[in-house]
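As structure tokens, the structure follows; a few thoughts come after it.
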């Protein structure tokens with residue numbers, strides 16, 4: 001299967017882009033649904049809401065208190081377990097043993113007497129328990145005669161003052177710590193409950209990111225390739241800087257600006273540049289952030305967003321991907337759709353600005369055909385600014401901006417890179433510079449070279465190289481197939497110049513033929529489209545002519561050729577039999593978007609369209625086989641060189657054509673200097 005970069009031919013500049021590539025696939029599976037990989041902080045300077053750490057600190061205090069209490073209990077347990085146990089006896093029993101000279105030691109402290117008996121005694125009477133270590137309590141807490149009695153009976157005694165430290169420690173452990181623990185737990189759960197309640201009421205608050213006017217992170221100097229769009233936005237900047245200049249003559253503030261263009265062209269960057277140039281507060285929010293599961297949340301967030309912007313005026317509100325909430329009303333099956341309520345509130349707010357409130361709404365979308373008409377009327381979005389794909393000069397300026405912080409080698413030619421990247425937008429070019437820098441760093445280079453950029457471009461457009469081990473038969477088939485594409489492109493008058501042919505597997509492709517247009521195309525002739533069909537069929541024709549057998553490698557080539565031929569018949573009136581009638585998709589009366597659900601023509605017309613498509617492809621294939629049969633020696637030579645070198649550039653291909661007599665030296669010189677290919 002030969003793969004070509006997705007390109008739907010239109011008479012528009014935004015579709016002029018990708019250079020034709022044909023690649024032989026190694027997947028010979030029936031057509032089916034294909035898996036697509038998805039393509040990936042807040043803006044610089046955006047203010048983030050502070051994190052609430054009150055509950056966290058309360059929990060930490062509670063945990064520390066519990067650990068301290070457990071540690072003290074363990075300490076008391078082990079201390080008491082290692083000391084001899086004291087048996088509590090009555091004070092009279094103690095005095096009796098004292099009079100019998102049986103008391104060995106005594107320690108008096110806080111009205112408590114502890115010590116040991118000389119001879120263990122049975123206590124209480126009649127029991128079998130022998131008491132050696134005793135503990136008793138003075139009557140009334142203070143016996144004035146105790147000291148003299150101890151002296152008279154030669155008892156070794158000691159008297160300790162009240163231990164205030166231990167007393168306070170016991171008070172802290174037994175009363176203060178449990179109290180702190182209970183209060184901490186109570187505060188923790190109270191704060192959590194308050195946070196939950198606050199979150200409920202904050203559902204309707206705007207989640208817009210705010211960039212203040214004293215931190216402009218982007219200006220018009222950071223935007224390139226969209227000079228027309230920048231010119232349209234200069235007046236917005238002038239108004240926000242000095243609104244009185246325009247209001248003194250009765251001028252009305254432009255309510256909104258809608259940025260329309262393909263993804264990656266710099267719509268969001270332009271909006272931030274407007275805020276940076278005007279130096280006003282910038283409220284940024286995505287259209288999908290308005291809608292929640294709760295009814296009324298979206299409308300509440302719209303009100304809160306506009307209230308904040310009015311209080312901070314002059315200011316800018318930027319709504320990215322506005323089609324998430326601004327789609328045509330009446331398309332939902334439910335009568336009370338949350339998205340429609342959000343859109344209604346947005347319409348009301350954009351109509352409710354007072355003359356002295358300098359608030360401008362900038363929105364971005366790549367699907368303007370599905371927006372509600374009430375949103376697009378004057379008074380809401382007064383201006384529509386098209387942010388289109390850049391031409392080669394714009395691409396060169398974009399490359400210069402993204403490579404400012406990248407050390408470039410002297411052989412890097414940004415103009416050549418710009419011409420090699422038709423159809424690429426700003427995001428693609430930024431990725432190209434980044435990939436080239438990564439390749440240079442991986443190879444420990446001090447600067448990024450032109451070869452790094454070429455390899456990065458091949459990796460982006462075709463995929464990374466794969467170390468597949470192919471058989472000799474497979475390599476020969478791929479070489480012949482790619483040689484057919486290259487030869488048809490080289491010898492067709494209206495073809496784009498062939499720049500590279502390779503049989504190195506990349507991505508899902510076993511081989512690739514690349515043709516780069518000399519300049520951006522904004523219009524397509526019938527001859528050019530017919531040559532594109534021939535170019536797509538060149539691989540199958542080469543297999544048929546040189547090998548005498550065909551393979552499954554041309555599946556995607558047929559899809560491309562059929563698509564171009566069908567558009568020639570149904571959209572562009574390039575069939576005399578069908579006539580100058582467009583059978584393309586029409587806007588739906590309900591959604592306003594392109595509707596391809598039903599056909600508005602008869603079965604006879606559909607049959608005529610199919611027959612015309614078949615005729616165009618058959619004519620192209622017949623010419624391809626004739627061309628390849630005439631230059632069979634050149635085809636075999638290209639296939640041989642591909643087997644030997646794996647990659648052939650434009651100069652090598654031109655040398656082969658001269659050596660085999662397919663073209664003369666004069667024609668080759670004209671092609672080298674940008675002239676058209678001649679058959």
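The values are calculated or read from the model by the stated rules, or taken from the named source; none is laboratory data. Just so you know, these numbers come straight off a predicted model, no measurement behind them. All Cβ positions, even for glycine, are placed from backbone atoms using ideal geometry, and neighbour counts span all protein chains on display.
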> Would you pick out the residues in the stretch 353-367 that are crowded, with 21+ Cβ neighbours inside 10 Å and at pLDDT 85 or above?
Replying inline: 360, 361, 362, 363, 364, 365
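Residue-wise test of (1) touching a helix residue (DSSP H, G or I) at 6+ places or on another chain (Cβ under 7 Å); (2) at pLDDT 85 or above.
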{"site": "306", "(1), (2)": "yes, yes"}
{"site": "313", "(1), (2)": "no, no"}
{"site": "325", "(1), (2)": "yes, no"}
{"site": "334", "(1), (2)": "no, no"}
{"site": "340", "(1), (2)": "no, no"}
{"site": "347", "(1), (2)": "yes, yes"}
{"site": "351", "(1), (2)": "no, no"}
>> Of the conditions (1) within 30 Å of residue 415 (Cα to Cα); (2) touching a helix residue (DSSP H, G or I) at 6+ places or on another chain (Cβ under 9 Å), residue 280 satisfies every one except a single condition; which number is it?
In response: (1)
> Of the residues 489, 483, 511, which single one is modelled with pLDDT under 90, outside any loop (DSSP other than H, G, I, E, B) and buried (at least 24 other Cβ atoms within 10 Å of the Cβ)?
Replying inline: 511
> Taking residue 520, is it modelled with pLDDT under 90, closer than 15 Å to residue 551 by Cβ and not in a strand (DSSP E or B)?
Replying inline: no
>> Looking at (1) touching a helix residue (DSSP H, G or I) at 6+ places or on another chain (Cβ under 6 Å); (2) not assigned by TED's automatic domain parsing to the domain that holds residue 651, which one does residue 445 not meet, given that it meets all the others?
In response: (1)
> From the list 383, 404, which one is surrounded by fewer than 20 Cβ atoms within 10 Å (Cβ to Cβ), over 13 Å from residue 453 (Cβ atoms) and within 28 Å of the chain's Cα centre (by Cα)?
Replying inline: 404
> In this structure, does residue 419 turn out to be under 28 Å from residue 523 (Cα atoms), touching a helix residue (DSSP H, G or I) at 6+ places or on another chain (Cβ under 9 Å) and surrounded by fewer than 20 Cβ atoms within 10 Å (Cβ to Cβ)?
Replying inline: yes
>> Suppose the filter is over 19 Å from residue 451 (Cβ atoms), surrounded by fewer than 19 Cβ atoms within 10 Å (Cβ to Cβ) and modelled with pLDDT of 90 or more; does residue 410 pass it?
In response: no
> Of all helices (runs of 4 or more DSSP H) completely enclosed by the stretch 221-310, which ones contain at least 1 residues that are within 27 Å of residue 343 (Cα to Cα) and in the same structural domain as residue 348 (by TED's automatic domain parsing)?
Replying inline: 227-241, 267-278
> Taking into account only those residues within the stretch 257-272 that are within 15 Å of residue 371 (Cα to Cα) and surrounded by 23 or more Cβ atoms within 10 Å (Cβ to Cβ), which is nearest to the chain's Cα centre (by Cα)?
Replying inline: 259
> Is the stretch 160-178 home to any residue that is more than 20 Å from residue 276 (Cβ to Cβ), at pLDDT 60 or above and outside any helix (DSSP H, G or I)?
Replying inline: yes
